[in-house]
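In what follows, a single structure is set out as structure tokens and then discussed.
Rule-based calculations on the coordinates, nothing more; no lab input. Worth saying up front: this structure is predicted, and the values here are computed from it rather than measured. Don't worry about glycine lacking a Cβ; one is built from the backbone with ideal geometry, like all the others, and counts go over all protein chains shown.
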2 protein chains.
Amino acid sequence: MHILVTNDDGVMAPGLLALAQAMQSFGQVSVVAPDHNWSISGHVKTLNRPLRVVEATLADGTPALASDGAPSDCVALAVLGLLPEPIDFVVSGINPVPNLGHDLTYSGTVTAAMEAAIWGLPAVAFSLDGPEGEHMSEIDYSPAARVAAEVVSLALKHGIASQTLLSVNIPYRPYEQLHGFQVTRQGLRIYRDALIKRTDPRGKPYYWIGGDAPTGVPEEGTDIGALQAGLVSITPVQLDLTAHQLVADIAAWEWSLAEAPAAPGKDGSA
Amino acid sequence: MHILVTNDDGVMAPGLLALAQAMQSFGQVSVVAPDHNWSISGHVKTLNRPLRVVEATLADGTPALASDGAPSDCVALAVLGLLPEPIDFVVSGINPVPNLGHDLTYSGTVTAAMEAAIWGLPAVAFSLDGPEGEHMSEIDYSPAARVAAEVVSLALKHGIASQTLLSVNIPYRPYEQLHGFQVTRQGLRIYRDALIKRTDPRGKPYYWIGGDAPTGVPEEGTDIGALQAGLVSITPVQLDLTAHQLVADIAAWEWSLAEAPAAPGKDGSA
């Protein structure tokens, strides 16, 4: 069993170390992670520039590889042959903030696991509902790491369906105070971004996407509801984004090339 | 009706111009697009640096705004108040290459439309199955622009369900040779990436993600199958990535904190 560990916070993040240590009881562990933070970076495939890979060492002495690519690039590099042995399982995290609701497609942690699923590998993304404002290195990842070991143990036993992955969100509390596990659906995230306009020393405007941290609707059965109830949330995620329930309805629209209004442009007809 | 036009190829891309022109018959058109190419950039929210916005002019004289953010950032900027009037509808493209199967989460064109859907706006992403290797500026976007006008006309009439968007892929052929429309599901993309290792002038290795362009399984009813049949593919895409069909199965795994194997680490138990 050869497990690839990656993340989006960078190879030196303590959440990565905790996850790598938690995986060691399952077999061989390889770490390929970004050399810097890629949070909210989305699903990236770097094709227009070459990628560098350098050797690194985790705080416990574990050898690792660090790449200047995105988390999904790290998975692609490893799958495509950077590592001498084939990979059997991919884990990503432990992210210090949760990935809930619509966070999934933004999340480097989750899109790394998506990349693994695209390459046919079972994959789990781990995120901690860590305390806001506290420095990453002060977070205690050990309860989340125990949870990660439990999840991977069950995933290895039961398998993860093809073209799917698991996104796990873990409450931030001592292991003994976790209330259990819940398999959930994606909840509704409420973003509270606000645009902040400022002026640089040369009088030119620039903009921050600011505002408050997102909240969410803590509905029963969702990832957001589970975290609020002190439960570890296990969301199965699929690569098929089709809104299947809409296909028949939309097919009933009046589709007809003959009736297409001519667009203004090269044909001069409008 | 105030339509926002964006893309991932940059504000000067001819596909953006064709789309902006095609939208003019529906109402007010505003263009906010990246100042450079963001292909395969994924779903980004730029929070760790400020964004610049400068005035630009499309080739036909249409005023536009160009940002150094990602396509999804352009949508967020516009929604959050960069533009004086509220936005009613968002279109993205026309991308010169198709976005099929698993391309969706990588695609700047599609993730711009996702960002709009997250903000509660109807949105459509347009991609052309353009000729490989040909320079972008040599592509004739006028048939695709007519298709875009037809799709938006029907979407305005029927509405797009909340938390969903449309991803449209258009065969590259004269308008008269298009065979019609098909509402499709996401097909299976086959990536053929290969890792290419090279050595720089200082003897250090670097890596390209190379290999051949992706292919796909042209199954009937899928986006890939539609394009192969000369049909415009309309795929309804949802923001809910939950693999609902797996929730009950995974809930039946032996979830139990008591049985969790202690992870090696801070508690020293392994």
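Here are a few things to note about the model shown:
- Each residue of segment A:186-194 was assigned a 3J(HN,Hα) from its phi angle through the Karplus expression (A = 6.51, B = -1.76, C = 1.60, θ = phi - 60°), giving 5, x, 9, 7, 10, 7, 10, 5, 9 Hz with x at Gly and Pro.
- Between the beta carbons of A:D212 and B:E176, assuming R0 = 60 Å, the FRET efficiency works out to 0.70 to the nearest 0.05.
- Relative to the Cα centre, the charge distribution of segment B:203-259, modelled as +1 at Lys and Arg Cβ and -1 at Asp and Glu Cβ, gives a dipole magnitude of about 380 debye.
- By the beta-carbon count within 10 Å of each Cβ, the least crowded to most crowded order of B:H102, B:H179, A:H2, fewest first, is B:H179, A:H2, B:H102.
- Exposure proxy ranking, count of Cβ atoms within 10 Å, fewest first, for B:K197, A:K157: A:K157, B:K197
- Since only A:P34, A:S72, B:H2 are under comparison, the one whose Cα sits farthest along the positive direction of the charge dipole of the protein assembly as shown, derived from C-beta charges on Lys, Arg, Asp and Glu, is A:P34.
- The protein assembly as shown - charge dipole about Cα centre, Lys and Arg +1 at Cβ, Asp and Glu -1, debye rounded to 20: 740
- Under 5 Å between amide hydrogens, built in the peptide plane, is the criterion, and for B:H102 it picks out B:R189 among residues at least 5 positions away or on other chains.
- Residue of chain A with the Cβ closest to the rotation axis carrying A onto B, and that distance rounded to whole Å: A:G42, 1.
- In Hz, Karplus ³J(HN,Hα) per residue of segment B:56-61 (6.51, -1.76, 1.60; θ = phi - 60°; x = Gly, Pro): 9, 9, 6, 4, 9, x
- Three-way shape label, segment B:10-149, alpha-carbon gyration tensor, a/c 1.5: rounded
- Peptide B:147-156 - average C-beta neighbours from other chains (10 Å radius): 4
- Farthest toward positive dipole pole in the protein assembly as shown [+1 Lys/Arg, -1 Asp/Glu at C-beta], among A:P84, B:T184, A:L154: A:P84
- Couplings 3J(HN,Hα) of segment A:39-55, computed from phi: 4, 6, 8, x, 9, 10, 10, 7, 10, 9, 8, x, 10, 9, 9, 10, 6 Hz, in residue order, whole Hz [Karplus 6.51 cos²θ - 1.76 cosθ + 1.60, θ = phi - 60°; x for Gly and Pro].
- Projecting the Cα positions of A:P174, A:G216, A:L227 onto the charge dipole of chain A (unit charges on Cβ atoms of Lys, Arg, Asp and Glu, taken about the Cα centre) puts A:G216 furthest along the positive direction.
- Note: relative contact order over chain B, using C-alpha pairs below 8 Å and six or more positions apart, is 16 percent.
- Burial ordering of B:F181, B:F26, fewest other beta-carbon atoms within 10 Å first: B:F26, B:F181
- Crossing angle, helix B:142-158 versus chain B [Cα axis fit, 0-90 degrees, rounded to tens]: 70
- Check: segment B:28-87 dipole with +1 on Lys, Arg Cβ and -1 on Asp, Glu Cβ, in debye: 240
- Nonlocal amide H pairs with B:D68, under 5 Å, H built at 1.01 Å: B:D35, B:R52
- Across the copies of the chain, A:A248 has label points (7 Å from Cα along Cα→Cβ) spaced 2.0 nm apart, shortest distance listed first.
- Environment charge of A:P205, counting only residues whose C-beta is closer than 10 Å and scoring Lys/Arg +1, Asp/Glu -1: +3
- For A:L128, residues with placed amide H under 5 Å, excluding near neighbours: A:N95, A:V97, A:I170
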